[in-house]
Amino acid sequence: MPSQVTLRGMAPARSRLIDAESPGFCHCISRCVRRAWQCGVDPYNETSYEHRRDWVEQHLLEVAEIHAVGLHAYAVMSNHVHVVLRIDPDAAAIRTDPDVAARWVCLEPVAPAVGTGARNSCG
């Protein structure tokens, strides 16, 4: 595992924190910024964003299914998300380039040419 590097004012690159060639677990946190509320009731404007919680959960499960990581635990909080991921380099190594491309298109669909009626299939 690469040694941890501390840089003033900047987060270290993921490649310096996580060795993608070695299996292991990572605890990751993603926070909202500028008092943004991800889910729950925002105490500043009293707006409920609770409907987003299920969307975030479903998206986490979908992303884990598509990519070569195991989602072992998660917690969707009001202004941040915790995930515990297992890196599996062996699962990633057996995937072909077309398979990887097809998985990316499932998450980020390419707009079909106008009038072709083409659609992405992620089944």
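No lab work stands behind these numbers, since they all come straight from the coordinates. Values in this document were obtained by computation on a predicted structure and should not be read as measured data. Cβ: placed from backbone, ideal geometry, glycine included. Neighbour counts: every protein chain shown.
Tabulated data for the structure shown
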quantity: Dipole magnitude of the range 23-93 about its Cα centre (Cβ charges: Lys, Arg +1; Asp, Glu -1), debye to nearest 20; calculated: 340 debye
quantity: Rounded to whole Hz, the Karplus (6.51, -1.76, 1.60) HN-Hα couplings of the range 74-89, x for glycine and proline; calculated: 7, 9, 9, 9, 5, 10, 7, 10, 10, 9, 10, 10, 10, 7, 10, x
quantity: FRET E, pair H51, W104, Förster distance 25 Å, beta-carbon r, rounded to 0.05; calculated: 0.35
quantity: Shape category assigned to the range 23-93 from the gyration tensor of Cα positions, a/c cut at 1.5; calculated: prolate
quantity: Using a Förster distance of 22 Å, the FRET efficiency for Q58-A91 (Cβ separation, nearest 0.05); calculated: 0.50
